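Asks: Take this structure, written in structure tokens, and hold onto it; I'll ask about it next.
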Amino acid sequence: MSELKKSIITVIGKDSVGIIAKVCTYLADNGINILDISQTITGGYFNMMMIVESAEVEKSFPDMARDLQVLGEKIGVVIQAQHEEIFQMMHRI
């Protein structure tokens, strides 16, 4: 069992029905709590960013990230998960 700290999940792709529902269902099924979520649709493209955490998740972070990537491929979007610390380092000014 691996402890998952805060992570950033981004979802980008052509808008379609059910994207939020499918991503949130995966997270709920795996005991991952959504702390913050924002989403926009611009020019027919869907963009969502979530901050999530769970201390009781049974999957390792790499397994969760891989599962989300596969889910994204199935629903036609790109889903990426990053540890919060890495995300912050990449987006510092």
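Asks: Residues of the range 1-72: accessible area per residue at 1.4 Å, in Å²?
Replies: Heavy-atom accessible area per residue stands at 58 Å².
Asks: Still on this structure: Scan around Phe46 for amide H atoms under 5 Å from its own, H built in the peptide plane at 1.01 Å from N, and keep only partners 5 or more places away or cross-chain.
Replies: Gly13, Lys14, Asp15
The values are calculated or read from the model by the stated rules, or taken from the named source; none is laboratory data. Quantities reported herein were computed from a predicted structural model and do not represent experimental measurements. Accessible surface areas use protein heavy atoms only, side chains included; no ligands, DNA or RNA. Shrake-Rupley method; radii C 1.70, N 1.55, O 1.52, S 1.80 Å.
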